[in-house]
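One structure below.
Every number in this text was worked out from the coordinates using simple rules, so none of it is lab data. Predicted, not measured: the structure shown is a model, and the values here were computed from it. Glycine also receives a Cβ, built like all others from the backbone with ideal geometry; neighbour counts cover every protein chain displayed.
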Amino acid sequence: MDAPASYAERVTIIATQSLTKTYGGGVTALSDLTVDVEAGVIGLVGANGAGKSTFIKIMLGLIAPSDGSVRVFGLDPVVQTDQVRARVGYMPENDCLPPDVSAAEFVTHLGRLSGLPRTAARERASEALRHVGLYEERYRQIGGYSTGMKQRVKLAQALVHDPDLLLLDEPTNGLDPAGRDAMLTLVHRIGTEFGISVVVCSHLLGEVERICDSLIAIEGGRLLRADRISAMTAASDVLAVEVSEGIDELFDALTQLQLAVTREGRQLLVPLESESSYDEILRAVAELDLPLHRLDQRRHRVAELFTTKETADV
Amino acid sequence: MSDAGVIHDIGYQRYEGPRLGRAAVFGALYQHGLRASFGLGRSIKAKIFPWLVVGIVLLVAVINAAARAQFDVILFDYFEFDSTISWLIIFFVAIVAPELMSRDMRAGVLPLYFSRPLRAADYVGAKVASLVTAVFLLLGVPQLIMFLTAAFTLDGGIGKVWEEFYGALLPGWAYSLLWAVLFASISLLIASLTGKRAFAAGGIVAFFLMTTPVVGVLSILPSETAQDLAGLVSPMSLINGVYIWLADGVDLGLDVGRFGPIYGIEAFCLVAVALLLLLARYRKVASL
């Protein structure tokens, strides 16, 4: 199961070049967006109105970009709409389910609209509903489902035609914390075990950073940052050292050890460059015979990276 | 631990089978719409009304056929049959058109449709084709029953049957198709304007019924031109007029005088405009 993952890392699935979308009223939804997205689970984060939905609609060929270009699997959604849509599954943000049919029937119908033959559509619908955990309930009318179950039906219909890419618009919308966790776990499973790349749109960064391989942050239609999560957090791991006295002496001692120490209040922050950093700090503290209060690893939340980046840009 | 009843997770299976093109997708949506027209694949509640109408229409046809076979009395011919049950057609499209259009809008399923290899034109085309077929079946099947009864009871052998088929049933079917096309396109357009089924149904009934009294008033005006043109106001008399023009003077209880072509042009324009408006509307919806 490792082979596809490492293979997936190198494949570019979405590539945009100066992508711009201006609506009729002069509203700019996307502005000069250039980004290459590799296969995997991708978080697309931004506040409401940042241009996430516009980006998704352009990728589906629902609206044409005003300027620039976009390629999904190397295909142009404006021209090769059908080829793109055959390989992409879309889960919209809003309610989109009729209450008076069963989930099995509805997902089968949408499978046929994706071009599956009748029996294949029925089989794939059952499979998709099984994978989202609705196998037992699939013959019940959707109107009687809970919000969490409805979100799963929406996910199943996006999966029914076996796409290579899922576009999920706010999949955790309206779910309680347990439901959110379940949905995120499911999305992560699809991205890692099913071999399907997933773009997860969310306005909650904390939510998607847990399950994503890479992040695209947009604000006001502009690209804020796009990178792999590992690249974003690797440089940010620091050790926080707290001693009750002698903080200046420790600062000097660590500086002499060629460590890039910074002072933050009553703490010293040391970048975690290697496993030996721990030992070096402990040895320095022991040599100075200082009372050590705390020594732990501080993992920067991705959110902090965006804030600093943002202020740096201004 | 017995795991006899456990469903083993066999993991995710990729689909390697064929993916059909837009024609098949159109076909699937058409078939779905046609089934939905008669409440098939829906709850009992959705079946009641369409089948009630079907039942009444069939009963009328059977009574008519029986009267002709038993007493040699023709209550109405194939053309008059359509006009006779015109109210039932109105109620039928008033229920079915919102079922086909408003329901999708209400539930918000359109983004799911239009993110698939399906265009606005395909959607509109499939829905119109579904309703045209449904209305045509509603009219054509009873006409067929009338024909079959006549065929088995008519005196005069096979020649008479052929004459009945070519001279009466086929034109009757053509006339039914005309009804189906006009009623389907107009009622679907009205239904596409609202997601509320009750409003859509009310709008459709109102559109078809409100115009009838106007025809009545105009047709008793002293001016002969006004009388000849009166039929243009209501869709039902418009269809009568078109057929009178096409079949050159069939008596359908309406006098179109020399204005036959105008009836034809209006019917054509009405259908064309309704379809174009539908398309324009769904072009917009599809990109949302």
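Shown for B:F71, B:F268, B:F38: other C-beta atoms within 10 Å of each C-beta, ranked fewest to most, produce the order B:F71, B:F268, B:F38. Taking the C-alpha atoms only, the angle from helix A:276-288 to the longest principal axis of chain A is near 30 degrees. Note on A:R263 and B:S287: their simple-model spin labels are 6.1 nm apart, each label 7 Å out from Cα toward Cβ.
Under a Cβ-Cβ cut-off of 13 Å, what is the net charge of the residues other than A:D82 that fall near it, where Lys and Arg count +1 and Asp and Glu count -1? Walk me through the numbers on the way to the answer.
Working: positive: A:R85, A:R87, B:R19, B:R22, B:R116, B:R119; negative: A:D76, B:D122.
For residues surrounding A:D82, the net value is +4.
Close amide H pairs (under 5 Å, H built 1.01 Å from N) link A:G43 with A:V200, A:D213, A:S214, A:L215, A:I216, residues at least 5 positions away or on another chain.
A straight line joining the Cα centroids of the stretch B:81-133 and the stretch A:80-121 runs 19 Å.
Using Cβ counts within 10 Å as a stand-in for footprinting exposure, how do B:K47, B:K284 rank, fewest first?
On the way: B:K47 14, B:K284 10.
Starting with the residue having the fewest Cβ neighbours, the order is B:K284, B:K47.
Note that the stretch A:116-130 has calculated 3J(HN,Hα) couplings of 7, x, 3, 5, 4, 4, 5, 5, 5, 5, 4, 4, 4, 5, 5 Hz, one per residue in order, obtained from phi through the Karplus relation 6.51 cos²θ - 1.76 cosθ + 1.60 (θ = phi - 60°); glycine and proline are x. Distances between placed amide hydrogens fall under 5 Å for A:L166 paired with A:G89, A:S197, A:V198, A:V199, all partners being 5 or more residues away or on another chain. Simple spin-label estimate for A:E193 and A:L282 gives 3.8 nm between the two label positions (7 Å along the Cα-to-Cβ direction from each Cα). For chymotrypsin sites (Phe, Trp or Tyr not before Pro), the sites in the stretch A:130-176 that DSSP calls loop and that have at most 16 other Cβ atoms within 10 Å are A:Y135, A:Y139. Summing charges over neighbours of B:L170, with a neighbour being any other residue whose Cβ is under 12 Å away from its Cβ, gives -2 when K and R count +1 and D and E count -1. Coupling constants for the stretch A:214-230 follow from the phi torsions by the Karplus curve (6.51 cos²θ - 1.76 cosθ + 1.60, θ = phi - 60°), and in residue order they are 9, 10, 10, 10, 10, 9, x, x, 9, 6, 8, 6, 9, 6, 6, 4, 4 Hz; glycine and proline get x.
Looking at the stretch A:120-204, the trypsin sites (Lys or Arg not before Pro) that sit in a DSSP loop and have at most 15 other Cβ atoms within 10 Å of their own Cβ are A:R140.
Anything over 30 Å Cα to Cα? Flag those among B:K127/B:K160; A:K57/B:K47; A:K154/B:K45; A:K21/A:K154; B:K47/B:K284, in the order listed. Checking Cα-Cα distances, B:K127/B:K160; A:K57/B:K47; B:K47/B:K284 exceed 30 Å.
Restricting to DSSP loop positions (anything but H, G, I, E, B) with no more than 11 other Cβ atoms inside 10 Å of their own Cβ, which trypsin sites (Lys or Arg not before Pro) remain in the stretch A:1-105? Write down the numbers at each step before the final one.
Working: sites: A:R10, A:K21, A:K52, A:K57, A:R71, A:R85, A:R87; in loops: A:R10.
Here the sparse-neighbourhood loop sites are A:R10.
With a cut-off of 15 Å between beta carbons, the residues surrounding B:N64 carry a summed charge of -4, where Lys and Arg count +1 and Asp and Glu -1.
Among the DSSP beta bridges whose two residues both lie in the stretch A:2-229, what percent are antiparallel, rounded to the nearest 5? Within the stretch A:2-229, antiparallel bridges account for around 55 percent of the total.
Report the calculated FRET efficiency for B:I220 and B:F268 (r = Cβ-Cβ distance, R0 = 25 Å), to the nearest 0.05.
On the way: r = 28 Å, r/R0 = 1.12.
Calculated value: 0.35.
Neighbour counting of Cβ atoms within 10 Å sorts the residues B:I56, B:I63, B:I90, fewest neighbours leading, into B:I63, B:I56, B:I90. Between the listed residues A:L116, B:S43, A:I14, the Cα displaced farthest toward the positive end of the dipole of the protein assembly as shown, a dipole computed from Cβ unit charges relative to the Cα centre, is found at B:S43.
Within chain A, the longest run free of exposed loop sites, counting GluC sites (Glu not before Pro) that sit outside DSSP helix and strand states (H, G, I, E, B) and have at most 16 other Cβ atoms within 10 Å, spans A:1-135.
Mean per-residue shielding of peptide A:80-93 is 3, counting Cβ atoms of other chains within 10 Å of each Cβ.
For the protein assembly as shown, give the share of DSSP beta bridges that are antiparallel, in percent and rounded to the nearest 5; count only bridges with both residues there. Percentage antiparallel, nearest 5: 65.
Quick one: if the Förster radius is 35 Å, what FRET efficiency do A:Y23 and A:R118 give, using the C-beta to C-beta distance and rounding to 0.05?
Values: r = 40 Å, r/R0 = 1.13.
Using R0 = 35 Å, I get an efficiency of 0.30.
Rounded to the nearest 500, the 222 nm mean residue ellipticity of the protein assembly as shown from helices alone is -17500 deg cm²/dmol, with -39,500 (n - 2.57) taken per DSSP H run of at least 4 residues.
Under 18 Å from a label point set 7 Å out along the Cα-to-Cβ vector of B:L52, the amide N atoms of the stretch B:175-218 belong to B:197-206. Note on A:T255 and B:A247: their simple-model spin labels are 10.6 nm apart, each label 7 Å out from Cα toward Cβ.
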